[in-house]
Amino acid sequence: MMNAGIVTLVDGSPCIVYDEKLPYDIDHVEFNEDDHLITLAYAIPGSTAKQGHTFSYPLDRPFVTLLRERGNVIVAFMKDKQVVDINICIVRFTVG
């Protein structure tokens, strides 16, 4: 089971840190307006199918506000208590 945390960095950037390797690189992050859940959407080579990892807990309002203001989020993979992969991803706001 993937563990994840949301934090705001010293410079004010929103950040999602997770601890389970994903099968593909993250293309973007989706925020669902209906349930306030976020999905790390995969970039699957040679496919147009939408896939990703959706977290089961809704985001709180201050973090959502920060995502709207910034339009992007830092996504970081942590392995053995070390951050090994950091990317800046665009946030796409969806409904349904």
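Observations on the structure shown:
- Those strands (runs of 3 or more DSSP E) of region 1-64 in which 1 or more residues are open to solvent by less than 70 Å² (accessible area, probe 1.4 Å), touching a Cys at 6+ places or on another chain (Cβ under 7 Å) and free of Cβ contacts under 8 Å to residues at least 40 places away in the same chain occupy 4-8.
- Residues of region 45-67 that are β-branched (Val, Ile, Thr) and modelled with pLDDT of 90 or more: Thr54, Val64, Thr65.
The values are calculated or read from the model by the stated rules, or taken from the named source; none is laboratory data. Predicted model only: the values in this text are computed from it and were never measured. Because the Cβ atoms are built from the backbone with ideal geometry, glycine has one as well, and the counts that use them run over all protein chains shown. Heavy atoms of the whole protein, side chains included, go into the accessibility calculation; ligands, DNA and RNA do not. Shrake-Rupley method; radii C 1.70, N 1.55, O 1.52, S 1.80 Å.
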